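Asks: So that we are looking at the same thing, I have put the structure below in C-alpha cells.
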Amino acid sequence: MTQSKPRITQMFKWSTAVLVLILMAGTSVLTNAQQLRDSFRRVKPSVVIVHAEEARPGPARPGDVDDAGLGSGVLISSDGKILTAAHVIEGEGRLIVEFANEERIPARVIASSVLADVALIQCERVPGFAVAAKLGDSDLVETGDDIFIVGAPYGLSNTLTVGRISARRPDQARNGILSSVEFLQTDATINPGNSGSPVFNKDGEVIGIVSSILTDSGELQGVGFAATVNAARAKLFDGASAQSGIEGVLIFGPFARALNLPQPAGFLVSSVERESVAERLGLKGGQLGAVIDTQTILLGGDVILEVNGVAVDGTRQSYLNVLSKIGRPASKTPLRARILRGSKIIELSTK
C-alpha cells in the first residue's frame with residue numbers, strides 16, 4: 001500500500017499534463033477558427049466575380065480553371081482596380097464585374113501578362129460597401145504557411161477553401177525554358193470558376209492569384225498554382241515587360257531544337273503591347289497556348305536570335321539583355337533584330 005501512493009500521484013500528474021495539452025490544442029484550434037472567420041469577413045467585400053460576355057477564341061488550355069467566361073477577382077483600390085487571371089479576360093471581350101451584393105458593373109482591361117497569368121481591370125465605379133483588399137509580400141511566403149482562397153467556383157460567390165502552401169516554384173530553368181515568373185503551389189481546393197481568385201495569408205493579405213491546376217483528367221488532384229502578388233506587381237505595374245512592351249521566355253536545349261532554332265538558344269516572344277518599342281520593331285507574339293511543366297507558354301510567336309549583333313544564349317543575363325535593349329523607348333539608337341518566324345530567318349529594324 002505504501003508503494004502505490006507515489007504511483008497514483010505520478011499517474012495523476014501525467015493525466016493532468018495530457019489534459020492541459022488537450023485544452024491548449026483545443027484553444028489553439030478555436031483561436032485559429034475565429035481568426036479565419038474574422039479574416040473572411042474582412043475580405044469578403046473585396047472579392048468579385050468576373051464575367052466575360054464574349055467567348056474567347058480557341059480551346060481552353062490544360063489546367064485552366066475558368067468556366068465558360070466565368071472567373072473571380074479581387075478589388076485592390078478604391079477607384080475600382082481589380083486583379084484577376086489573364087486567361088479569364090483573354091480575347092478582350094466586354095467584361096462585367098459582379099460584387100458581393102450581386103451588383104454588376106462594366107469593366108475594361110488595363111494591363112495583362114500572359115506569362116504570369118495575371119491581369120488588371122478597371123471598373124466604371126465601385127459600390128459603397130466594397131473595400132479594397134490589402135496586398136501582401138509574397139516573397140515572405142514559405143512552404144507550410146496556412147492560406148485561404150475566396151472565389152466563385154461554378155459561380156457560387158464568396159466560397160471559402162482552406163489549405164497550405166505546398167511549394168514555391170521559382171523562376172528557374174525547367175525543360176529548356178527560362179522565365180521570370182514564380183508560382184505558389186497549394187493543396188487548397190480549386191474548381192472551375194476559381195481562376196483569378198485571391199489567395200490570402202492568415203492576416204487577410206493577398207499573396208497570390210489562382211491560375212491553374214495540375215491534372216491529366218480534368219479532375220482536381222490537390223495540386224493548384226497561383227501567381228504571386230509580387231509577380232503581378234512586377235508585370236503589371238513596374239516590371240521589365242511594362243517598360244519594353246514585350247513578354248517572352250528564354251528557350252534552349254531540347255525545346256530549342258524542337259522549334260528548329262539555328263542556334264542553341266533564343267527568346268520566344270509571347271506577347272507584344274500596342275505602340276511599344278517591340279511593336280515598332282515588328283515583333284509578333286504567340287497565339288497557341290500550352291502548359292509545359294506548370295508554365296503557360298504561348299507558342300507561334302517570333303523567336304529572337306540576336307539584338308544589335310549580340311546573340312541570345314541560354315543564360316539569365318541574355319534574357320535580361322533582350323529586355324533592356326528593346327525596353328528603351330527614349331533611346332535614339334536604332335535597333336536591329338535577327339529572328340526566326342515560322343521556318344524563316346528575317347531581319348527587323350527600327351529607324
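Asks: Using a basic spin-label model with each label point 7 Å from the Cα along Cα→Cβ, how many nm lie between LEU299 and TYR154?
Replies: So the label points at LEU299 and TYR154 sit 3.4 nm apart.
Asks: What FRET efficiency, computed as 1/(1 + (r/R0)^6) with R0 = 25 Å and r the Cβ-Cβ distance, is obtained for LYS351 and ARG274, rounded to the nearest 0.05?
Replies: On the way: r = 19 Å, r/R0 = 0.75.
Approximately 0.85, to the nearest 0.05.
Asks: In this model, which of LYS134/LYS325; LYS284/LYS351; LYS325/LYS351; LYS235/LYS284; LYS44/LYS202 are farther than 25 Å apart at the alpha-carbon?
Replies: Values: LYS134/LYS325 35 Å; LYS284/LYS351 18 Å; LYS325/LYS351 15 Å; LYS235/LYS284 19 Å; LYS44/LYS202 14 Å.
Over 25 Å apart, Cα to Cα: LYS134/LYS325.
Asks: Next up: Show me the ranking of peptides 144-157, 75-88, 95-108 by mean Cβ neighbours inside 10 Å, starting with the highest. Write out the running numbers ahead of the final one.
Replies: Values: 144-157: 18.7, 75-88: 22.6, 95-108: 16.5.
The most tightly packed comes first, giving 75-88, 144-157, 95-108.
Asks: Same structure, new question: Would you mind putting 189-196, 255-262 in packing order, based on average other-beta-carbon counts within 10 Å, highest first?
Replies: Details: 189-196: 25.8, 255-262: 14.8.
Highest-to-lowest ranking by the protection proxy: 189-196, 255-262.
Asks: Taking every pair of distinct Cα atoms and averaging 1/r, then inverting, what Kirkwood hydrodynamic radius in Å comes out for the range 71-169?
Replies: Working: mean 1/r = 0.0678 Å⁻¹.
That comes to 14.8 Å for the range 71-169.
Each reported figure results from applying straightforward, stated rules to the coordinates on display, with no laboratory input. Everything numeric in this text was worked out from a predicted model, so none of it was measured. When we count neighbours, we look across all protein chains shown, and the Cβ atoms used for this are built from the backbone with ideal geometry, even at glycine.
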